[in-house]
Amino acid sequence: MPRAALLVQLRNNLSFTELCIESIEQQSFRDFELIFLADNASSNVIKAVQTRCQSLSLPAHVAWSSEQRSAAPEQHLLHTALQVCSAEFLMFSDSTMLLHPLFAEQHVLGQQSGSIATGRQVELSSALSSRLNPDDIRSHWLQRKYAYVLLDGVFGQSTQVSRGISLSGSVWQRLLRRRSDDIYAANFSLRRDDAVKLRDFIDSALELNRDSLNRFADLRIQMYRNSIIQYHLHESHDIPLPLVPGVLERVKRLRYSVSELGLQPALMEAPGLFSRRRL
């Protein structure tokens, strides 16, 4: 039984999940068990991932909590992880994430007793997310052609792209390790006994921050800059603006007609026009 486990929360996007799985297959460190947490997934996603697990080169399976979900997300996550996994070291991610090939290795290298290690997360635009395929992941396209991601951060809609510039090596890790207030903003890992401490701390309903963790649970949060990287995939969504009662009548009073611009641009433009007293 591997001493480490990677726990991935399943989401209802099979194409992103397949890319995530491919990035896990490309990990430089491979002595870990892969567990998909299915509490947030639909039955068709669960069945597809269960089938996919049979062909993976890592020990992998799907699991879910036997308890009714009533706790906060991070609380439920820890309860489920400790329930379904017996590994000594736990790493956490999500099926809408692509993991850097050194993701697991750097988490393992960064583990310390009494410490929660957190990595970095790049937000990929929906345009970039939609163009990626399993062959790109196998060829390490994101790492080899990261200049395209940087350009998309300037001219496109990717954000936090500077976090994806990887600086590996134990010396860099020591230099770039920083204290952080946030556990769940990116990805995190910790030893099993520390996971029990964290779970009990959250159950106690105390405020979850760096100082209270250090004082009451004897846990430190360590954030690694430009290391332990994952890339967040985004879907393209056209989200309609909410229609406030009377807004159509107000839009009609614009000096140009709604049909000239279309309803959505007119609704977006209207608040600014009202503030300039153009009506």
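Quick note: the coordinates plus some simple rules give every number you see, no bench work behind them. The structure displayed is predicted, hence computed values, not measured ones. Cβ atoms come from the backbone with ideal geometry, glycine included; neighbour counts cover every protein chain shown.
Worth a mention:
- Overall form of segment 1-126 per C-alpha gyration tensor (a/c, 1.5; a/b vs b/c): rounded
- Cβ charges +1 (Lys, Arg) and -1 (Asp, Glu), total dipole of segment 1-126, debye: 140
- Residues whose amide H lies under 5 Å from that of ILE116, counting only those 5 or more places away or on a different chain, are ARG220, ILE221, GLN222; hydrogens are built 1.01 Å from N in the peptide plane.
- Under the combined filter of DSSP loop state and at most 16 neighbouring Cβ atoms within 10 Å, segment 1-90 retains these trypsin sites (Lys or Arg not before Pro): ARG3, ARG30, ARG69.
- Annotation note: GluC sites (Glu not before Pro) in segment 1-96 located in DSSP loop regions with a Cβ neighbour count of at most 12 within 10 Å are GLU67.
- Residue-count net charge about LEU10 - beta-carbon cut-off 9 Å; Lys, Arg +1, Asp, Glu -1: -1
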